[in-house]
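Only the coordinates and a few stated rules stand behind these numbers; no lab work does. The structure presented is a predicted model; accordingly, all values stated were derived computationally and were not measured. When we count neighbours, we look across all protein chains shown, and the Cβ atoms used for this are built from the backbone with ideal geometry, even at glycine.
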Amino acid sequence: MTKLTAFIAGLLFGLGLLLAGMANPGKVLAFLDLAGAWDPSLALVMVGAIAVAIGPLTWARRQSSSLLGRPMQLPIKRELDPRLIGGSLLFGVGWGIAGICPGPAVAILLTGRWQAIVFMLSMLAGMVLFTALESRRSH
Amino acid sequence: MNVDWLNFTPWSSLAGGALIGLAASLFVIANGRIAGISGLIGSLLQRGSEGVSEKALFLLGLLIAPLLWASFATLPQIEFKNGWVGLIVAGVLVGIGTRYGSGCTSGHGVCGISRLSPRSMVATACFMFSGFVTVFILRHLLGG
């Protein structure tokens, strides 16, 4: 059952990205271009998403397990460390260059555009690089 | 500020956002997990992660969403603005940045803010800020 809900959640997530315009890098960049012809649409994506998710996520914070009996796995870290800030700043630079973040990168992969494949492979390389650097740090 | 009203799509963006929120809600209510895409992908790239099948199935749903969409309607426009060098640089930065920052637009921007996490609010402010600055530099200072 949790496999089915995971699949449906992913599917809905992808349809939402497509409907919202988040899967269109040109539109994302138009949102990030405050000094140009600014398209504020994507601010409304966050408004819509948070308006729906805030109730369920507030509920989840008070639970130890999900409705299907799985452990509730919410992040527990609290500190605002340089990794969080530096990593997020770096992510924003990449987002600002191409207008693609990880969700849309997956959702456009099968649309038959070579750019989506190049971006995905590069993103995976960046993630593998992170894992490699982390395992060197811990040894 | 010069708003591009012609391309402003308030209703589809709100509705798409609501659908994203619904998906994130379902994943946490049923599976007890945060729908953070960079975290899900990143953990599948590491050995010994738990819940591999659930994470993979979520990503599979995300992956085939455009195929389902295309079987009922025309896919929305997907317009790329970069050549391969820009895509590679951007992809690597997004990959490494989201892993160091423990999340992206979905995990921090939607789920994190929805559970009122201070870390996620700071992370979202950081990537929005550097996103705005990067576009400003590339489009208006360097005139790309």
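Some values worked out for this structure:
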quantity	calculated
Degrees, to the nearest 10: B:118-136 long Cα axis against longest axis of chain B	30 degrees
Most positive-pole-ward Cα, B:W5, B:C111, A:I76, against dipole of the protein assembly as shown from beta carbon charges	A:I76
Loop GluC sites (Glu not before Pro), the stretch B:34-109 (other Cβ atoms within 10 Å of the site Cβ: 16 or fewer; DSSP)	B:E50, B:E79
Pairwise centroid distance, computed over Cα atoms, of the stretch A:111-125 with the stretch B:97-141, Å	21 Å
Local electrostatic count, A:L29, Cβ distance below 12 Å [Lys/Arg +1, Asp/Glu -1]	-1
Translational diffusion of the stretch B:1-74, µm² s⁻¹ [Kirkwood Rh, Cα pairs; Stokes-Einstein; 4 °C; 1.567 mPa s]	88 µm²/s
Counting all C-alpha pairs of chain A, share separated by more than 19 Å (%)	66 percent
Inter-label distance for B:V85 and A:R61, nm, one decimal - labels placed 7 Å from Cα along Cα-to-Cβ	4.6 nm
D_trans [Stokes-Einstein, Kirkwood Rh over alpha-carbon pairs] for the stretch A:1-46, 10 °C, 1.306 mPa s, µm² s⁻¹	134 µm²/s
Residue-averaged 222 nm ellipticity for chain B, from DSSP H runs of 4+ at -39500 (n - 2.57), nearest 500	-20000 deg cm²/dmol
Residues A:D81, A:D39 arranged by fewest to most Cβ contacts within 10 Å	A:D81, A:D39
Stokes-Einstein translational diffusion, the stretch B:5-141 - Kirkwood Rh over all Cα pairs, 1.567 mPa s, 4 °C, in µm²/s	76 µm²/s
FRET efficiency estimate (nearest 0.05) - Cβ-Cβ, A:A37 to A:A125, R0 41 angstrom	0.80
Whichever lysines have a C-alpha closer than 29 Å to that of B:K55, once near sequence neighbours (fewer than 8 apart) are set aside	A:K3, A:K27, A:K77
Selection from B:V92, B:I37, B:P76, by position along the positive dipole direction of the stretch B:15-144 (Cβ)	B:V92
Ranking of B:F72, B:F58, A:F91, B:F129 by count of other Cβ atoms within 10 Å, fewest first	B:F72, B:F129, B:F58, A:F91
Debye intensity ratio in log₁₀ form over the Cα atoms of the protein assembly as shown, taken at each q of 0.07, 0.09, 0.11 Å⁻¹	-0.22, -0.37, -0.56
Packing-based exposure ordering (other Cβ within 10 Å, fewest first) of A:C101, B:C126, B:C104	B:C126, A:C101, B:C104
